[in-house]
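Written below as structure tokens is the structure these notes are about.
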Amino acid sequence: MDQSIRIRPSRWTCLWGLPFALIGGGLFAYTLFHGLTHITDSLTQIVVPGSKELSLQQGRYSVFLEEQSVVDGKVYSTTQSVGGLTCRVNSVQNDSSIAIKNAGTSTSYNLEGRSGHSVLEFSIQQSGQYLFACGYEKNVKGPEVVVAVGSGVSERIFQTVIASLASLFGGFGGVVIVVLIVELKRNRAKKLLWQSGQTRL
């Protein structure tokens with residue numbers, strides 16, 4: 001009498017982990033694409049030399065020089081030197097000057113035909129209206145360029161990367177769990193068969 005018996009569950013059961021891989025991969029792609037395409041949403045573009053009144057909340061702000069940009073349908077491409085270009089921030093309420101300095105950390109972006117890198121930063125202690133202006137020093141001529149002012153860009157880049165990686169590893173982690181459960185049950189079944197003296201396949 002043939003006492004051979006197949007081990008259950010079959011290794012084909014591991015295919016139950018496939019949906020986890022597909023969901024994880026899909027969430028990874030969506031999170032990365034959605035996050036990166038909205039990184040610059042909080043930035044206000046300003047063509048300089050020029051100025052713009054901004055409504056700023058308390059916090060730290062970065063100023064980005066955009067090498068490639070589009071403002072009101074006009075394309076800007078910064079290839080010339082912007083040496084001598086200085087920027088300032090003043091409170092509209094009392095005309096007090098806000099300290100502005102070189103960026104402490106380097107942050108850059110390049111997406112959808114728009115690229116820039118951080119050059120300056122400043123902090124706002126009291127929410128309100130502020131005049132941001134940039135211009136060349138006296139007797140210095142330079143190109144018309146675009147700067148972008150905003151906060152949280154580096155944080156959004158970091159959060160996007162972490163969230164997308166978490167989705168990816170979460171999905172494949174689900175696959176690993178399914179495989180481990182299947183192998184655990186198979187090993188348990190093998191042990192029972194061995195104890196009963198039945199042949200394994």
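The values are calculated or read from the model by the stated rules, or taken from the named source; none is laboratory data. Computed from a prediction, not measured in an experiment: that's the story for all the values here. Note that each Cβ is placed from the backbone with ideal geometry, even for glycine, and that neighbours are counted across all protein chains shown.
Things worth noting here:
- Residues located in segment 68-94, provided they are under 19 Å from Phe122 (Cβ atoms) and not in a strand (DSSP E or B): Val82, Val92, Gln93, Asn94
- Contact map, segment 172-191: residues that are more than 18 Å from Gly26 (Cβ to Cβ) and surrounded by 14 or more Cβ atoms within 10 Å (Cβ to Cβ) paired with residues that are basic (Lys, Arg) and modelled with pLDDT under 95, Cβ distance under 7 Å, separation 6+ or inter-chain. Pairs shown: Val182/Arg11; Ala189/Arg8.
- Flag: Ala99 does not match the condition of being closer than 21 Å to Gln45 by Cβ, in contact with a strand residue (DSSP E or B) (Cβ under 8 Å, 6 or more places away or on another chain) and among the aliphatic types (A, V, I, L, M).
- The set of residues in segment 50-67 that are surrounded by fewer than 16 Cβ atoms within 10 Å (Cβ to Cβ) and farther than 20 Å from Ala99 by Cβ contains only Gly50.
- Cβ-Cβ distances below 9 Å connect the following pairs, each with a first residue in segment 107-127 that is part of a loop (DSSP other than H, G, I, E, B), a second residue that is of a type in the set (Ser, Thr, Tyr), and a separation of six or more residues or different chains: Thr107/Ser62; Thr107/Ser118; Thr107/Ser154; Glu112/Thr37; Glu112/Thr40; Gly113/Ser69; Gln126/Ser91; Ser127/Ser55.
- Filtered by the rule that a residue be buried (at least 17 other Cβ atoms within 10 Å of the Cβ) and within 25 Å of the chain's Cα centre (by Cα), segment 68-96 gives Ser69, Tyr76, Thr78.
- Answer from Gly59, Gly26 - the residue that is on the phi < 0 side of the Ramachandran plot and out of contact with any helix residue (DSSP H, G or I) (no Cβ under 7 Å at 6 or more places or on another chain): Gly26
- Pairs with Cβ under 6 Å, 6+ apart, first in segment 1-26 and not assigned by TED's automatic domain parsing to the domain that holds Gly173, second modelled with pLDDT of 85 or more and surrounded by 14 or more Cβ atoms within 10 Å (Cβ to Cβ): none
Residue by residue, here is whether (1) touching a Ser or Thr at 6+ places or on another chain (Cβ under 7 Å); (2) under 26 Å from Val75 (Cα atoms); (3) part of a strand (DSSP E or B) holds:
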| residue | (1), (2), (3) |
| --- | --- |
| Lys138 | no, no, no |
| Lys141 | no, yes, no |
| Ser167 | yes, no, no |
| Gly170 | no, no, no |
| Lys190 | no, no, no |
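- Top-ranked residue in segment 153-171 [being farther than 12 Å from Leu36 by Cβ and of a type in the set (S, T, N, Q); ranked as surrounded by the fewest Cβ atoms within 10 Å (Cβ to Cβ)]: Ser154
- Cβ-Cβ contacts under 7 Å between residues 6 or more apart (or on different chains), taken from a first residue in segment 67-81 that is assigned by TED's automatic domain parsing to the domain that holds Ser118 to a second residue that is loosely packed, with under 10 Cβ neighbours inside 10 Å, are listed as Gln68/Gly113; Val70/Gly113.
- Matching entry among Leu36, Leu15, Leu32, Leu65 (being of a type outside the set (Phe, Trp, Tyr), in contact with a His (Cβ under 7 Å, 6 or more places away or on another chain) and outside any loop (DSSP other than H, G, I, E, B)): Leu65
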